[in-house]
Amino acid sequence: MTTTLKIRKYGDPVLRKKTETISEIDDRVKKLAYDMLETMYSTPGVGLAAPQVGVSLRLCIVNADINRKSPIIMINPVIVLCENKISGEEGCLSFPGFYENIKRYENIIARYIDLKEKMQEIKAQGFLSRIIQHEIDHLDAKLFIDYLQEWRRKFIERKIKRNMKTGKW
Ligand code: ZN
């Protein structure tokens, strides 16, 4: 049985909390991964990190496939190679309604452990590369607005605060 989890929005302190490395892929971790998949599929999102559902563990899922097949479940992911920065539009399930141009690496190689406890390596380009970097950032308590110029970040924060006051966030 899987459950749709509540997605934490900006302002929730869990998004700024450091995550713990997963030392054992037990039933609890597996359930979290499957619940996160179901949660992601209930949204227009293409990636989700554990802190976004309130869990401070190094686990994230990505899915750049439009048909929503073959999602990648990444445990303790690390980027081992990156090259060539390019700008592209990006959103975040924790910032509904906000889309910003962010510079990220165009090509990366990432390593992670899968649910079968096997070490995997993925070479990613373009959009997939962007999603993986965005999700790994979440595991380091980093958010996409951190890349923006200060005036832009402040503008977004003010807008969110206003929405919070009127109960729209
Ligand atoms: Zn995000």
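The values are calculated or read from the model by the stated rules, or taken from the named source; none is laboratory data. What you see is a predicted model; the values in this text were computed from it and never measured. Reconstructed Cβ throughout: ideal geometry from the backbone, glycine too, with neighbour counts over all protein chains shown. These area figures cover heavy atoms from the full protein model, side chains too; ligands, DNA and RNA do not enter into them. Shrake-Rupley method; radii C 1.70, N 1.55, O 1.52, S 1.80 Å.
Some notes on this structure:
- Among residues that are part of a helix (DSSP H, G or I) and closer than 22 Å to N76 by Cα, L128 is included.
- Restricting region 64-81 to residues that are without any contact (Cβ under 8 Å) to a residue 40 or more places away in the chain and out of contact with any strand residue (DSSP E or B) (no Cβ under 7 Å at 6 or more places or on another chain) leaves a set whose member that is nearest to I108 (Cα to Cα) is D65.
A quick yes/no check of all residues on (1) surrounded by 12 or more Cβ atoms within 10 Å (Cβ to Cβ); (2) within 17 Å of I61 (Cβ to Cβ):
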residue: M119; (1), (2): no, no
residue: S129; (1), (2): yes, yes
residue: K142; (1), (2): yes, no
residue: R152; (1), (2): yes, no
residue: I160; (1), (2): yes, no
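- Any hit, region 28-35, residues being out of contact with any Phe, Trp or Tyr (no Cβ under 6 Å at 6 or more places or on another chain), within 16 Å of the ligand (Cβ to nearest atom) and hydrophobic (A, V, I, L, M, F, W, C): no
- Meets criteria (of a type outside the set (K, R), touching a strand residue (DSSP E or B) at 6+ places or on another chain (Cβ under 8 Å), within 16 Å of the ligand (Cβ to nearest atom) and modelled with pLDDT under 95) for N101: no
- Qualifying positions in region 18-39 - touching a residue at least 40 places away in the same chain (Cβ under 8 Å) and either more than 20 Å from D137 (Cβ to Cβ) or surrounded by 15 or more Cβ atoms within 10 Å (Cβ to Cβ) (or both): T19, I22, I25, V29, K30, A33
- Condition check for P51 on (1) within 16 Å of the ligand (Cβ to nearest atom); (2) under 29 Å from Q125 (Cβ atoms); (3) open to solvent by 10 Å² or more (accessible area, probe 1.4 Å): one failure, at (3).
- Test: P13 is exposed (fewer than 13 other Cβ atoms within 10 Å of the Cβ) and free of Cβ contacts under 8 Å to residues at least 60 places away in the same chain: yes
- Residue in region 103-115 that is without any contact (Cβ under 8 Å) to a residue 24 or more places away in the chain and over 22 Å from P13 (Cα atoms) present: yes
- Residue check, E121 within 25 Å of K159 (Cβ to Cβ), among the acidic types (D, E) and assigned to a strand (DSSP E or B): no
- Filtered residues of region 61-110 (kept if assigned to a strand (DSSP E or B), within 27 Å of L32 (Cα to Cα) and open to solvent by less than 40 Å² (accessible area, probe 1.4 Å)): I61, V62, I72, I73, M74, I75, N76, P77, E90, I108, I109, A110
- Matching residues in region 11-30 - criterion: being among the β-branched types (V, I, T) and more than 14 Å from I113 (Cβ to Cβ): V14, T19
- The number of residues in region 131-169 that are in contact (Cβ under 8 Å) with a residue 24 or more places away in the chain and not in a helix (DSSP H, G or I) comes to 5.
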